[in-house]
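The values are calculated or read from the model by the stated rules, or taken from the named source; none is laboratory data. Quick caveat: nothing in here was measured; it's all calculated off a predicted structure. Ideal geometry is used to build each Cβ from the backbone, glycine not excepted, and the neighbour counts take in all protein chains shown.
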Amino acid sequence: MATSAASLHASHLHRVPQPAARPRAKVRRDWGRIALQYSPILAVVLLAKIAVPPFGKIGLGIDLPILLAVMLMGLLMGRFRVHVTRLLFYLLTIGWLGGSQLLLDNPFSPSSIAFLAVLFLPLTLQLRPPKTRPLEPPPAEDPLHASLRAMAGMAAFFALLGVLQYTLQYVIGQRLAFPIEHSLPEAFITQKYNHLIPIREGGTILKANGVFFLEPSFYSQFVGLGLVLELSTRNRPLRIAVLVAGLAVAYSGTGIIVASVGIAGLVIVKRRWDVIVFVVLAALAALLLSDVLHLDRLLNRVAEFQSTRSSASARFVAWLDMLHEHWWLDGTRALFGAGAGNFSSYAVTARLATAEMSFSKMLFEYGIVGATLFFGFLAYVLNSMPAPLAFRLGLCASLFLNGAFATFPIGIAASILLWPPGRTTGGELVPPRPTLRREPRFDPRFTPRFDPHFGGPP
């Protein structure tokens, strides 16, 4: 009995009190702030195909008015604020592009400059930091991580939707697999875009456009951005497989270019050599399944650059011939351009079929000086985005691959510019490893000894 009592007494003396568990802080979500933050990207994805007559005939959907209305609403509600440096760069660029037209003898279109100014104005805004209470603890999750995860989730969702759309057209037919094009009247659909494109000329199987996207090209670019973001952050094999499948059923080379530019930046800058293994495996799978999934049509698009009648030649090759014919011979025109809105009039009389791309249009209409200012503004905007470098490079490729007045990449860029900045890196979804602090070393000979029973020196 004495022994057991002594042992109980000793264990009671040496028992260390355990701290009480901290109550978990409730996650408070500002849904109004979240709605304003994601409205631009949802507008250009879900609503770009819908138009209000008669604006649908000129290729203007309801996505741009919604984008501008959201920006104005955010400013009036105090949720958005102007980024001063981006605004000054924007004013300098638009001021030069508009003012230089007045100094030249070339005819120009004032509406073209006005539309360009309105389209890129949302890129000057940013999200105002949320108001925090003095005793309110910081959120457990970095707000930037939530935004990156939401973007990756949206890309995976639409990639899966495109795969289902492509496979279900064999079962339920094109009318149900592509419901918007077959159910809405033509006056309420945005025109001047290729909504339904067969895999082969004269064929009945259509390329997937993700149901809501304007073209398979836009769908593939969005999936390509999601693939780059997934490779930059969490590297989940199932998500990667879904995104690659969505990229394949679009049969579009623009999405592959967007993904390739981002992956190249990921490998070269971040030294992610493991991504090379992924690219090799994806290429081998494409070669093995080329006959089953008709991927030979996608692989053969590389040879379209040599054909003067292909879309690849019209977008990326023919503009050089038009510049050589109408541009390089005049030094003033090479420096200051041929006039705003004049690209289409020269393209009609060009020797080769030439498409109006953002880089060729800006260079031809505003010259070397104007194009340098414009692309410098875009470079600064992309560099200020709180997103991984590979994703920013892919978005830069998307801005170059589309027309100068395409709302799709602008809506994505405007939404990403509203992402909150990260606490640390600002570009990684994986939280940083905590730094290990070295413990101080003490000489045991000079360490004071205390009696555990009385709390004082012996």
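Count, please, the residues in the stretch 78-101 that happen to be closer than 14 Å to R333 by Cα and either among the small types (G, A, S) or over 32 Å from the mean Cα position of the chain (by Cα) (or both). Summing the residues that are closer than 14 Å to R333 by Cα and either among the small types (G, A, S) or over 32 Å from the mean Cα position of the chain (by Cα) (or both) in the stretch 78-101 gives 2.
When A140 is tested against (1) in a helix (DSSP H, G or I); (2) modelled with pLDDT under 90, exactly one condition is not met: (1).
Scanning the stretch 182-205 for residues that are in contact (Cβ under 8 Å) with a residue 60 or more places away in the chain and touching a Leu at 6+ places or on another chain (Cβ under 8 Å), we see that the one that is farthest from Y251 (Cα to Cα) is T190. Going by what's in this entry, would G331 be described as crowded, with 19+ Cβ neighbours inside 10 Å and either of a type in the set (G, A, S) or at pLDDT 85 or above (or both)? The answer is no for G331. Just one residue in the set F115, F120 is modelled with pLDDT of 90 or more, surrounded by fewer than 20 Cβ atoms within 10 Å (Cβ to Cβ) and either in contact with a strand residue (DSSP E or B) (Cβ under 8 Å, 6 or more places away or on another chain) or within 30 Å of A338 (Cβ to Cβ) (or both); that residue is F115.
If you go through the stretch 320-349 and keep only what is more than 12 Å from E365 (Cα to Cα) and either aromatic (F, W, Y) or in contact with a strand residue (DSSP E or B) (Cβ under 7 Å, 6 or more places away or on another chain) (or both), you end up with just W328.
Among the residues of the stretch 344-358, is there at least one that is under 23 Å from the mean Cα position of the chain (by Cα) and assigned to a helix (DSSP H, G or I)? Yes - at least one qualifying residue is present in the stretch 344-358. Only a single criterion out of (1) surrounded by fewer than 18 Cβ atoms within 10 Å (Cβ to Cβ); (2) within 26 Å of Y38 (Cα to Cα); (3) at pLDDT 90 or above is not satisfied by V430, namely (3). For the stretch 370-426, a residue qualifies if it is part of a loop (DSSP other than H, G, I, E, B) and among the hydrophobic types (A, V, I, L, M, F, W, C), and the qualifying residues are M385, A387, A404, F405, A406, L418, W419.
Scanning the stretch 208-264 for residues that are modelled with pLDDT of 90 or more, over 22 Å from H182 (Cα atoms) and either outside any helix (DSSP H, G or I) or among the basic types (K, R) (or both) turns up just one, R239.
Looking at the stretch 284-304, can you tell me whether even one residue there is at pLDDT 75 or above and either surrounded by 15 or more Cβ atoms within 10 Å (Cβ to Cβ) or part of a helix (DSSP H, G or I) (or both)? Checking the stretch 284-304: at least one residue is at pLDDT 75 or above and either surrounded by 15 or more Cβ atoms within 10 Å (Cβ to Cβ) or part of a helix (DSSP H, G or I) (or both).
The numbered conditions (1) surrounded by fewer than 20 Cβ atoms within 10 Å (Cβ to Cβ); (2) in contact (Cβ under 8 Å) with a residue 24 or more places away in the chain; (3) basic (K, R) are all true for R175 except (2).
Among the residues of the stretch 317-343, those identified as among the aromatic types (F, W, Y) and part of a loop (DSSP other than H, G, I, E, B) are W327, W328.
The single condition among (1) at positive phi; (2) under 20 Å from the mean Cα position of the chain (by Cα) that K270 does not meet is (1). The residues listed here are L75, L36, L103, L13; of these, the one that is of a type outside the set (K, R) and at pLDDT 90 or above is L75.
The conditions of being in contact with a Phe, Trp or Tyr (Cβ under 8 Å, 6 or more places away or on another chain), within 24 Å of I94 (Cβ to Cβ), in contact (Cβ under 8 Å) with a residue 12 or more places away in the chain and not polar (S, T, N, Q) are not met by M322.
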